[in-house]
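Q: This is the structure I want to talk about, given as structure tokens.
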Amino acid sequence: MMVPLALMGLGALVAATAPRLMSRSTWVDREPVLALWVWQCVVVGVLLCCALTMALTAAAASEAIRGNVFAPAPNGVVEAYALSGYGPWAAPVALALAFGAVWSALMLSREIGRARAWRRQHRAELLVRSPVLPGEEPAGERLVVLEGDKPDAWWLPGTTPQLVITTAALRRLKGRRLDAVIAHEQGHARARHHWLLHCAGALAGGFPQVPVFAAFQDEVHRLVELAADDSASRRFGRTTTALALVELNEDRGVFGPCPSGLAQVPQRVDRLLAPAARFSPVRRLQLTAAAALVPVVPLLVTLVPALRVLG
């Protein structure tokens, strides 16, 4: 009975402390890729605590599930977990956590469905605004140029991903600044940021009362943009990338009172023009390894009774 309680306590502790620690950390904006890794490890650790608790309580409540969970285990391991002592609360806890798992899967399916519907709608709009000419083969080009009065560029993921850029952006952005915008969008595509956004949206939408999931969604939206900015600046320079951001967004009023979705653009420009010192490779490796321990700890807690028997 102590193992599920320890797991739930550990999950609650991580969920409560990680957002506060990350919000107070001064290195997050300097190392957005590392910060994304830390956030993913935190969320996986919390989910692992719930999943392992569900497995143990379900095994305590059902002989059939117990046989599947402990099927490969040697003799004596099942007794080490004292499943018979979990009491009548095992079944309700297992059912509640199972419902949470199913609900998470449904929310993720909903997010993916919405994203696919959005992509279908935009691809249909692309065909209307950029139709296939007579005699032209619909080859699914990776670059689509649209007539438009507003400078804009975005990556359209999917089975045939496309980079869409408006003629206004082509007129305004020249040379390396245009290349920096394209490199920014390619950075999103290479890192598969849309999948990370789907997962964050599913957890925040499915469990809006859980602060760690809401904070995860907010930070993912911000950090993926910083990571893409860094990807572009490594190729074309920070000043060029910052100027490209300014030219692409100056007509949207983002450098004055603006909607929250665009409020981060001035901060992104300031960050590029006045970069803080990054971590050394050794320091990044240390933090990467430390973050990887977060999902490992629940596994170790779960295996303690078995290791005592086998040891």
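Q: Can you tell me which of ALA115, ALA16, ALA64 moves the most in a GNM of the chain? Springs connect C-alpha atoms under 10 Å apart.
A: Checking each option, the largest mean-square fluctuation is seen for ALA64.
Q: Would you compute, for the Cα atoms of the range 81-124, the largest minus smallest coordinate along each principal axis and list the three values in descending order, in whole Å?
A: Computed over the range 81-124, the largest-to-smallest principal extents equal 59, 17, 5 Å.
Q: Put one equal scatterer on each alpha carbon of the range 1-129, apply the Debye formula with no solvent term, and list log10 I(q)/I(0) at q = 0.09, 0.15, 0.18, 0.20 1/Å to two decimals.
A: Those come out to -0.44, -0.87, -1.02, -1.11, one per q.
Q: Antiparallel DSSP bridges in the chain: what percent, to the nearest 5?
A: Of all bridge pairs located within the chain, approximately 50 percent are antiparallel.
Q: Using only the alpha-carbon atoms, how far is helix 2-24 inclined from the longest principal axis of the chain? Give it as 0 to 90 degrees, nearest 10.
A: Long axis of 2-24 versus the principal axis of the chain: about 30 degrees.
Q: Using only the heavy atoms of the protein chains and a 1.4 Å probe, how would ASP251, ASP29 rank by accessible area, largest first?
A: Reading off the accessible areas and sorting them downward yields ASP251, ASP29.
Q: Divide by every residue of the chain the summed helix terms, -39500 (n - 2.57) for each DSSP H run of at least 4, and state the resulting mean residue ellipticity at 222 nm, rounded to the nearest 500 deg cm²/dmol.
A: Using -39500 (n - 2.57) per qualifying helix, the result is -23500 deg cm²/dmol.
Q: Only Cα pairs under 8 Å and at least 6 apart count here; give the relative contact order of the range 1-132 as a rounded whole percent.
A: 27 percent
Q: Express the relative contact order of the chain as a whole percentage, based on alpha carbon pairs under 8 Å and six or more residues apart in sequence.
A: 25 percent
Q: For the range 200-255, which whole-number percentage of the solvent-accessible area (1.4 Å probe, protein heavy atoms only) is attributable to carbon and sulfur atoms?
A: So the carbon and sulfur contribution to the accessible surface is 53 percent.
Q: If you average the sequence gap of Cα pairs under 8 Å that are 6 or more apart and divide by the length of the range 160-311, what percent do you get for the contact order?
A: Contact order relative to length: 23 percent.
Q: Given the protein chains as shown and a 1.4 Å probe, how many square angstrom of LEU21 are accessible, to the nearest 10?
A: Accessible surface of LEU21 is approximately 110 Å².
Q: Would you kindly state how much longer the chain becomes between VAL128 and VAL102 on full extension, computed as 0.36 nm times their sequence separation minus their alpha carbon distance, in nm to one decimal?
A: 5.5 nm
Q: Let me ask another. Ignoring everything but the protein chains, give the 1.4 Å probe accessible area of VAL77 in square angstrom, nearest 10.
A: For VAL77, solvent-accessible area is about 10 Å².
Q: For a quick size check, give me the Cα extents of the chain along its three principal axes, largest first, whole Å.
A: In descending order, the Cα extents are 72, 49, 35 Å.
Q: ASP149 to SER109: extension gain in nm, 0.36 nm per residue of separation minus the Cα-Cα distance?
A: 10.8 nm
Q: What whole-number value in cubic angstrom gives the convex hull volume per residue for the C-alpha atoms of the range 139-211?
A: Value for the range 139-211: 132 Å³ per residue.
Q: Residues in the range 1-20, backbone N under 18 Å from the label point at VAL304 (7 Å along the Cα-to-beta-carbon vector): list them, ranges by number please.
A: Under 18 Å, as judged by backbone N against the label point of VAL304, lie 1-15 of the range 1-20.
The values are calculated or read from the model by the stated rules, or taken from the named source; none is laboratory data. Quantities reported herein were computed from a predicted structural model and do not represent experimental measurements. Note: ideal-geometry Cβ built from the backbone for every residue, glycine included; neighbour counts use all protein chains shown. Accessible surface areas use protein heavy atoms only, side chains included; no ligands, DNA or RNA. Shrake-Rupley method; radii C 1.70, N 1.55, O 1.52, S 1.80 Å.
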